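Inspection log for the structure reproduced underneath, given as structure tokens.
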Amino acid sequence: MRQMRAAGIDAFGDAVRMLDLPAPSSPAPDEVVISVRAAGVGNWDEIVRVGDWDVGHRPPLALGVEAAGIVDAVGEDVTGLAPGDEVLTHPLPLRYQGAWAEWLVAPVALVARKPTVISWETAAAFPVPALTADQALQEAAPVPAGEWVLVHGAGGVTGGLAVQLATARGATVVATAGPSSATRVRSYGARLVFDYHDPDWPARVRDAAPGGGGVGAAVNAAPGGAATALQAVASDGRLATITGDPPPPERGVQVTDVYVRADGARLAALVETLAQGRLSLHLAATRPLAQAATALQDAVAGHASGAIVLMLQPSPS
């Protein structure tokens, strides 16, 4: 049986190590097999590692829930893609193994074409944060045009995409970020950027919003920050948090706990927006697959100011 290199775990809670796993066989009728060139790394992979996010497969498990690569084989019912096509995907629930492996199986409905202008690294790191930001913004501000929207934690990859999406859809965005990220967040279109280290930033956001009563909508992308972000939201407003920490609703504020949903059609639309230059994604580091454990540690610790990517194959010159 053909084997493949992978990085993952032997049991939930184990340290990440290199694995030799059986390579996928022929795809099911609705599946594609992707030769992975690059895969994203995020703090969500730590949730998978410890067993707190059911991704549809148990150990021994290649981690990783987003990737970009080249279609290697297609199922008999697949008509939109062919071997050789460049694609990206967030393919949950997993049909086989995770994305930190040489080959990845995905249902064709969850796969989007990779525009040639987008690098493998960017394409690999894009699916999860882009879909998360899009879905959180939809919950917080279904009709963002004319709305004042707060993005708490805008210096991160997902928060930065939320700022850009809200701005593109006509919202006035106020954001929080650290001093090292403030200039970049302003370049995304945020009108005001407050230092999240300032304990008075929620009051400053409330004062800046029309009428001084707070913003109508907020997206929290700061771990443990949802309750603080709620303080900046006007009564009867909306708060969506992506960090699993929804506070009890108060003052009529609608609070939504957002977990990313795989959606190939939305991913295709978002990556086209990226290709048009209306979105950008900040890359912090690329590492070889053999350094997956270190890459995950960096993602969890928040040491990187942007996306972290594992390269499985060298980019063509």
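See the values below:
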{"quantity": "Å² of accessible area per residue within the chain, as computed with a 1.4 Å probe and no ligands counted", "calculated": "40"}
{"quantity": "Cβ-based charge dipole, the chain, positive-most Cα from Ala154, Phe12, Ser26", "calculated": "Ala154"}
{"quantity": "For region 152-244, alpha-carbon Rg relative to the globular expectation (2.2 N^0.38 Å, N residues)", "calculated": "0.95"}
{"quantity": "P(r) histogram, all alpha-carbon pairs of region 239-288 included - 10 Å bins from 0, percent", "calculated": "19, 26, 36, 17, 2"}
{"quantity": "Cα pair distances exceeding 23 angstrom across the chain, given as percent", "calculated": "55"}
{"quantity": "Nearest-20 debye value, region 137-203 charge dipole, Cβ charges on Lys, Arg, Asp, Glu", "calculated": "280"}
{"quantity": "Hull shadow area, averaged, region 204-317 [alpha-carbon convex hull, nm²]", "calculated": "10.2"}
{"quantity": "Charged-residue dipole, Cβ positions (Lys, Arg, Asp, Glu), the chain about Cα centre, Debye nearest 20", "calculated": "620"}
{"quantity": "Accessible surface of the chain [probe 1.4 Å, protein heavy atoms]: carbon and sulfur percent", "calculated": "50"}
{"quantity": "Rg to Rh, two decimals, where region 1-140 supplies the alpha carbon set and Rh follows Kirkwood", "calculated": "0.96"}
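The values are calculated or read from the model by the stated rules, or taken from the named source; none is laboratory data. Keep in mind that what you see is a predicted model, and the values were worked out from it rather than measured. Cβ sites come from the backbone with ideal geometry, for glycine too, and all protein chains shown count toward neighbours. What goes into the accessible areas is simple: the full protein's heavy atoms, side chains included, and nothing from ligands, DNA or RNA. Shrake-Rupley method; radii C 1.70, N 1.55, O 1.52, S 1.80 Å.
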